[in-house]
Amino acid sequence: MNIHEYQAKAVLKEFGAPVAEGVAIFSADEAEAAAKSLPGPLWVVKSQIHAGGRGKGKFKELGPDAKGGVRLAFSLDEVKSHAAEMLGNTLVTAQTGDGGKVVNRLYIEDGADIERELYLSILVDRTVGRPAFVVSTEGGMDIEAVAHDTPEKIINLAIDPNTGVTEADAAKLCDALDLSGAAREDGMKLFPILYTAFVEKDMALLEVNPLIVMKDGHLRVLDAKVSFDGNALFRHDDIMALRDETEEDAKEIEASKYDLAYVALDGDIGCMVNGAGLAMATMDIIKLYGAEPANFLDVGGGATKEKVTAAFKIITSDPNVKGILVNIFGGIMRCDIIAEGVLAAVTEVGLQVPLVVRLEGTNVELGKKIISDSGMNVIAADDLDDAAQKIVKAVKG
């Protein structure tokens, strides 16, 4: 689960991280009062969407010459003007895709005198099975570009979970970021704070880009991106309360209600599969035959008829779907349950696009009989290769 920048900073501030004062607003009418509550005379007006690259982004409605989604304001009138332009408009960044995201909230933050910009993140390094810091002196830039062009400027430091960030670890991070004086003193305190927040809140990613050295020599978290392990959210009611469903795909929200693993994609062939590996293989073979999957959907090994029905309805709710491939290997999951769920969904929502069903495994003959006896226009397939060719052919006419 992702949260907004201002929410991430509030979480980090609880642990003692240095962040600027700021106020979140939801309408342009709130902009002036928010700015007046901050020291000034420089304010930063930041779009709050679940995507990076906001400063370089462009608003669809404002034309190519308009400023991006993060703007400086040197007067209250500028704060109000920026807020009026940004709220309610669609911001397109490198991470949103062409559709962009509507800006429903802004964060007005006190400005900072920046001396240097650094990069810092914490994530789980699966190669060593430990949380790890990733740091670079090249902050404020796309870390992917830094990794590609100057990989030697990125330093990884795995942390022993039994000890947490030791003084020696913090010193290594300070050295990697070339910190001295007050900034080094701040770093020795800050790195353990960020690690503690990462672990205690079950974060999947904590990214600070940039972490700045200010002209007074001190460190400040200037931007923060945080995502959480969805499997651990039951432990964190306070984090769950921060969820912004307007930033999520409506189909993915509906799927989460039925404990379905669903991710919306940009293609036109809907997929319903049991098992993540088989789902990935199904998407791959669709691409092999020249089409694109519209989703990843794993109904799981213990799905009920109701779950399967819900999954099918979610797929058909996507207007981009021109065909559906159901690919089930019945191990724990029974093929007759899948067949009953598919037919129940088709009966309820109707079938406006081609449907190919491939069943194999437990109760496969019963499942095939249920579908063949239904009288519905369903295309049967013998194996995955056959199924993929048939659905691609049906969609492409």
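The values are calculated or read from the model by the stated rules, or taken from the named source; none is laboratory data. Predicted, not measured: the structure shown is a model, and the values here were computed from it. Here Cβ is always computed from backbone atoms with ideal geometry, including for glycine, and neighbour counts include all displayed protein chains.
If you go through the stretch 215-263 and pick out every residue that is surrounded by 15 or more Cβ atoms within 10 Å (Cβ to Cβ), more than 14 Å from the chain's Cα centre (by Cα) and aromatic (Phe, Trp, Tyr), you end up with 1.
Where strands (runs of 3 or more DSSP E) sit wholly within the stretch 1-81, those with at least 1 residues that are surrounded by fewer than 18 Cβ atoms within 10 Å (Cβ to Cβ) and hydrophobic (A, V, I, L, M, F, W, C) occupy 70-73. Of the residues that make up the stretch 181-202, is at least one polar (S, T, N, Q), over 16 Å from the mean Cα position of the chain (by Cα) and assigned by TED's automatic domain parsing to the domain that holds residue 160? The answer is yes, given that some residue of the stretch 181-202 is polar (S, T, N, Q), over 16 Å from the mean Cα position of the chain (by Cα) and assigned by TED's automatic domain parsing to the domain that holds residue 160.
Table: residues versus (1) more than 23 Å from the chain's Cα centre (by Cα); (2) of a type in the set (Val, Ile, Thr).
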| position | (1), (2) |
| --- | --- |
| 111 | yes, no |
| 115 | yes, no |
| 120 | no, no |
| 126 | no, no |
| 130 | no, no |
| 137 | yes, yes |
| 144 | no, no |
| 147 | no, no |
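The residue pairs whose first member lies in the stretch 276-293 and is within 15 Å of residue 333 (Cβ to Cβ) and in contact (Cβ under 8 Å) with a residue 12 or more places away in the chain, whose second member is surrounded by 15 or more Cβ atoms within 10 Å (Cβ to Cβ) and of a type in the set (Val, Ile, Thr), and whose beta carbons are closer than 6 Å, counting only pairs six or more residues apart or on different chains, are 279/273; 282/273.
Regarding residue 93, is this residue at pLDDT below 95, β-branched (Val, Ile, Thr) and within 20 Å of the chain's Cα centre (by Cα)?
On the way: at pLDDT below 95: yes; β-branched (Val, Ile, Thr): yes; within 20 Å of the chain's Cα centre (by Cα): yes.
Spelling it out, residue 93 is indeed at pLDDT below 95, β-branched (Val, Ile, Thr) and within 20 Å of the chain's Cα centre (by Cα).
There is at least one residue in the stretch 316-332 that is in contact (Cβ under 8 Å) with a residue 24 or more places away in the chain, assigned by TED's automatic domain parsing to the domain that holds residue 385, assigned to a loop (DSSP other than H, G, I, E, B) and over 29 Å from the mean Cα position of the chain (by Cα).
Pairs meeting the criteria (first residue in the stretch 140-162 and without any contact (Cβ under 8 Å) to a residue 12 or more places away in the chain, second residue surrounded by 14 or more Cβ atoms within 10 Å (Cβ to Cβ), beta carbons under 8 Å, at least 6 apart or on different chains) are 147/154.
Determine whether the stretch 298-311 contains at least one residue that is under 20 Å from residue 390 (Cα atoms) and free of Cβ contacts under 8 Å to residues at least 60 places away in the same chain. Reasoning before the result, please.
Here is the first cut: in the stretch 298-311, the residues under 20 Å from residue 390 (Cα atoms) are none.
No, because not a single residue in the stretch 298-311 is under 20 Å from residue 390 (Cα atoms) and free of Cβ contacts under 8 Å to residues at least 60 places away in the same chain.
Looking across the stretch 102-111, just one residue is among the charged types (D, E, K, R) and either assigned to a loop (DSSP other than H, G, I, E, B) or out of contact with any strand residue (DSSP E or B) (no Cβ under 7 Å at 6 or more places or on another chain) (or both), and that is 105. When restricted to residues that are under 13 Å from residue 54 (Cβ atoms) and not in a helix (DSSP H, G or I), the stretch 82-101 contains 10. Scanning the stretch 216-223 turns up one or more residues that are of a type outside the set (A, V, I, L, M), under 28 Å from residue 69 (Cα atoms), at pLDDT 95 or above and part of a strand (DSSP E or B).
Is one or more of the residues making up the stretch 84-106 hydroxyl-bearing (Ser, Thr, Tyr) and either touching a Cys at 6+ places or on another chain (Cβ under 9 Å) or under 26 Å from residue 233 (Cα atoms) (or both)? Yes: the stretch 84-106 contains one or more residues that are hydroxyl-bearing (Ser, Thr, Tyr) and either touching a Cys at 6+ places or on another chain (Cβ under 9 Å) or under 26 Å from residue 233 (Cα atoms) (or both).
Having 3 or more residues that are at pLDDT below 95 is the bar; report the helices (runs of 4 or more DSSP H) wholly within the stretch 135-215 that clear it.
Details: elements: 143-149, 167-176, 181-200.
Those helices (runs of 4 or more DSSP H) span 143-149.
Figure legend. Inter-residue proximity from the stretch 92-119: first residues closer than 17 Å to residue 246 by Cβ, second residues hydroxyl-bearing (Ser, Thr, Tyr), beta-carbon distance below 7 Å, spacing 6+ or different chains. Indicated pairs: 100/90; 101/90; 102/90; 103/47; 104/246; 106/47; 107/6.
If you check residue 319 against the conditions, is it touching a Ser or Thr at 6+ places or on another chain (Cβ under 9 Å) and modelled with pLDDT of 90 or more? Before the answer, list the steps.
Working: touching a Ser or Thr at 6+ places or on another chain (Cβ under 9 Å): no; modelled with pLDDT of 90 or more: yes.
The answer is no for residue 319.
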